[in-house]
Amino acid sequence: MMRNMKYIVDRGIRVVLLISALASICIVFLILLFTVREGLPAFQEIGLTDFLLGDVWRPGAEQYGILAMILGSICVTVGAIILGVPFALGGAVFLAEVAPTWVRSLVRPAVELLAGIPSVVYGLFGMVVLVPLVRQIPVPGNAGFGLLAASIVLAVMVLPTITSIAEDAIRAVPREYKEGSLALGATHWQTIVGVILPAARSGIIAAVILGVGRALGETMAMIMVIGNSVVMPKPLNDNPLTIALRAVRTLTGNIAVEIRYATGLQENAIFATGVVLFVLIMLVNSTARLVMRERIKKT
Amino acid sequence: MSPDTMAVQKKTLLAAEESSTVKQRTITRRQRANIARRHLVEKVAFGFLWLTGLIAIAVLLIVAAYVIVQGAKVINLDFLITRPRGGLSAEGGISTTILTTLYVVLLTVGIATPLGVFAAIYLVEYAGEMQGRTGLLPRLVSVARFGVETLAGVPSIIFGLFGYAIFVSAKGLGFGFSLLSGSLACACLILPVIIRASEEALRAVPRSYREGSLALGATQWQTVWGVVLPAAAPGIITGIVLSVGRVVSETAVFYVTLGGTHHLPTSVMQGGRTMAMHLYYLATETRAFDKAMGTGAVLVVTIVLINLMINYVSRRVTAGLNGR
């Protein structure tokens, strides 16, 4: 009898554990269900093309187009990748191959720590230090808040993510590759460029793509420094570089700024923005996952 | 052989030797130049790597150091124990926001921990035997894994939006802007963090522990509860502390689910304002940058302390597993 009880308990617990394991897929399902359900009326009433390709967002006039926000998110992400990736990858190669052990043992925890600092702190730093600096650039209409300041803040924020994932990828290259190259008389640098980096390529690409995903999803720091005006990202004057000084709004910012006050169709449009963001990020993340899986298959 | 031919032979041999050493010397010279060039290239390249590495670290450290140094100017005991005046005023301290952060951390982690640890136990201890098999259960397991992976990549504002729709809004459960809504939404966000850390900790427990326990006649659950979990506990705790850090620094989710009143909530059905939210309001609405820096410094120090704790615990994990 006792023994039976023991096995019944064992079975019961098994079921409870299975239900817990399924909780996360249920949450993913619920997120999809609720955002799509709330966003669907917007897609229906505004029309998919008008919603995605309209560049006017004027809730007062019932005009809801999010093209400016889509482009804003893409521009700031591209800016952050251009500014951040060279340092992130340089840092990753440095930590994995060049740095002496004592430097690495100090720097690696520091990088991990900085990945955990709240995004509002980075946003505050941007508002207090970067925005006044950017405002010094003498271009009419330059308020300091805009793509440049936001890209710099975002570049700093994705730096730890990309560095640590890329470093892991470089470290995962089998020792024999490196030893073989060195034994053939190549210098350490030649080995890094000719053997180690090509072997770690897919992991490094995945690190950058995951960085893109993080950048697209960043919210609070972006609201604080990007200006939030719903304008197409285009240059301020004839010089195409002044696009960097344009104040724009990201998809994430659009959600955070308006959701608490929105009602009716505007609320639906905000949820539809969320659906677009979700789809965009899922695309980016599954690309990263595909690239990673390819690497696992190869080795 | 005549001595003559021997002499000739000796001469040709010598000549051959000489010419070969000459040849060798020219090759060596060229090689040496090549080697020198390659080493120069390497020196320059490594110089650049040191530079980028140091710049990357310097930039990150400057941000943290700037906030702490600027923030230290306004931090004193008064700042920590007075209530914020609220509204558009920057007067007062941050006492209620510290307490609200603490409440939210306890609630969120309290909700997510059991769920996350149970899920990890199932995925490691029970689902392992199903690899390569077909049927309903193995398919459910792979769906569950996919869920964890997907959830880990969802940006926090989407959790906020979802939390707003399902918990806050009257069209959902209608909890309003409250600690409960915020914590439930944020629990979804940290769930994958806890699951992954716990999975890793459980996998690190040697197989022989389980075999020993099963051989003594324990059921699988008795083995997990009595043997595997205690051995994995430090690793699981590391994951929980990690997620505490995530909750402390999370802003977007709470911004759309917690309301933002500066009053101290007296029940889980009331809204509140965490430190990170307070920083945001001070910086963007009040434009009180000095107080915002003070709040930021408290946040950064909190995160540093949490990280030190993680390092301490994980060092004990490795020591413990090696010691046994």
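The values are calculated or read from the model by the stated rules, or taken from the named source; none is laboratory data. Predicted, not measured: the structure shown is a model, and the values here were computed from it. Virtual Cβ from ideal backbone geometry, glycine too; neighbours counted across all protein chains shown.
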Problem - Filter pass, residue A:76 being buried (at least 22 other Cβ atoms within 10 Å of the Cβ) and either facing chain B (nearest Cβ under 9 Å) or over 15 Å from residue A:167 (Cβ atoms) (or both) - result: yes
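In this structure, does residue B:191 turn out to be facing chain A (nearest Cβ under 9 Å) and modelled with pLDDT of 90 or more? Give the steps one after another, and end with the answer.
Numbers: facing chain A (nearest Cβ under 9 Å): yes; modelled with pLDDT of 90 or more: yes.
It is true that residue B:191 is facing chain A (nearest Cβ under 9 Å) and modelled with pLDDT of 90 or more.
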Handout entry: Filter result (in contact (Cβ under 8 Å) with a residue 24 or more places away in the chain, surrounded by 13 or more Cβ atoms within 10 Å (Cβ to Cβ) and under 19 Å from residue B:285 (Cβ atoms)) within segment B:86-100
Key = B:86, B:90, B:94, B:96, B:97, B:100
Problem - Selection within segment B:67-85 - within 25 Å of residue A:130 (Cβ to Cβ), of a type in the set (A, V, I, L, M) and surrounded by 13 or more Cβ atoms within 10 Å (Cβ to Cβ) - result: B:67, B:68, B:72, B:74, B:75
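Please give the helices (runs of 4 or more DSSP H) falling wholly within segment B:52-163 in which 1 or more residues are modelled with pLDDT under 85 and within 30 Å of residue A:10 (Cα to Cα).
Values: elements: B:77-81, B:95-121, B:136-153, B:156-163.
The helices (runs of 4 or more DSSP H) meeting that bar are B:136-153.
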Exercise for the section: Scan segment A:171-195 for residues that are part of a loop (DSSP other than H, G, I, E, B) and of a type in the set (A, V, I, L, M, F, W, C) and jot them down. Expected result: A:172, A:173, A:184, A:186
Practice task
Collect the residues in segment B:122-181 that are more than 11 Å from chain A (Cβ to nearest Cβ) and among the small types (Gly, Ala, Ser), keeping them in residue-number order.
Solution key: B:128, B:132, B:135, B:170, B:174, B:176, B:178, B:181
Exercise for the section: Looking at (1) free of Cβ contacts under 8 Å to residues at least 24 places away in the same chain; (2) assigned to a helix (DSSP H, G or I); (3) within 26 Å of residue A:264 (Cβ to Cβ); (4) over 24 Å from the mean Cα position of the chain (by Cα), find the lone condition where residue B:173 falls short. Expected result: (2)
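Yes or no: residue B:204 touching a residue at least 12 places away in the same chain (Cβ under 8 Å) and touching a Ser or Thr at 6+ places or on another chain (Cβ under 8 Å)?
On the way: touching a residue at least 12 places away in the same chain (Cβ under 8 Å): yes; touching a Ser or Thr at 6+ places or on another chain (Cβ under 8 Å): no.
In short, no.
Residues checked against (1) at pLDDT below 95; (2) within 21 Å of the chain's Cα centre (by Cα); (3) assigned to a loop (DSSP other than H, G, I, E, B); (4) not polar (S, T, N, Q):
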| position | (1), (2), (3), (4) |
| --- | --- |
| B:177 | yes, no, yes, yes |
| B:205 | yes, no, yes, yes |
| B:223 | yes, no, no, no |
| B:233 | yes, yes, no, yes |
